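The structure appears right after this line, and notes come after that.
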Amino acid sequence: MAEPEVNLVAFMSLVRKRVKLVSGLSQLEVEALIDTGTNRPLLPKEVARKLGVKPMFKVRAEHADGSVKDVDVGPVYIEIMGRGHRIGRP
């Protein structure tokens with residue numbers, strides 16, 4: 001007897017939240033559009049520049065519109081609703 005086909009459905013949404021971003025001695029609080037279905041957050045270049053993020057390497061990122069681009073990655077601490085996480089490490 002054949003195995004039944006299983007369809008996996010991911011529930012994703014976009015929400016706006018106030019977030020704190022820290023890189024080195026610089027800190028910003030911004031309103032961010034958060035994609036709950038992403039596996040890697042991306043910052044706009046101008047925000048990364050304001051924070052003084054120093055790129056350490058590049059990764060290929062697929063955006064929500066399906067486009068694929070190589071992007072710079074550097075260390076940033078991000079805090080959302082009191083919970084924090086370091087991003088941008090290899």
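How long, wide and thick is segment 14-87, going by the Cα atoms along their three principal axes, in whole angstroms, largest first?
Sorted largest first, the three principal extents are 31, 28, 19 Å.
Eight or more residues apart or on different chains, and alpha-carbon atoms under 24 Å: count the Lys pairs in the chain matching that.
13
What's the extension gain from Ser13 to Lys58 if we count 0.36 nm per residue and subtract their Cα-Cα distance?
Working: separation 45, 0.36 × 45 = 16.20 nm, distance 2.66 nm.
Net length gain for the segment: 13.5 nm.
What does the net charge come to around Lys20 if you take all other residues with beta carbon closer than 14 Å to its beta carbon, with K and R at +1 and D and E at -1?
Working: positive: Lys17, Arg18, Lys50, Arg83, Arg86; negative: Glu29, Glu31, Glu79.
For residues surrounding Lys20, the net value is +2.
Using the Cα centre of segment 14-87 as the reference point, and only Cβ charges (+1 on K/R, -1 on D/E), how large is the resulting charge dipole? Debye, rounded to the nearest 20. Don't skip to the answer; put the middle values down first.
Details: 14 positive and 9 negative charges, 42 e Å.
With only Lys, Arg, Asp and Glu charged at Cβ, the dipole is about 200 debye.
Rule-based calculations on the coordinates, nothing more; no lab input. Predicted model only: the values in this text are computed from it and were never measured. Don't worry about glycine lacking a Cβ; one is built from the backbone with ideal geometry, like all the others, and counts go over all protein chains shown.
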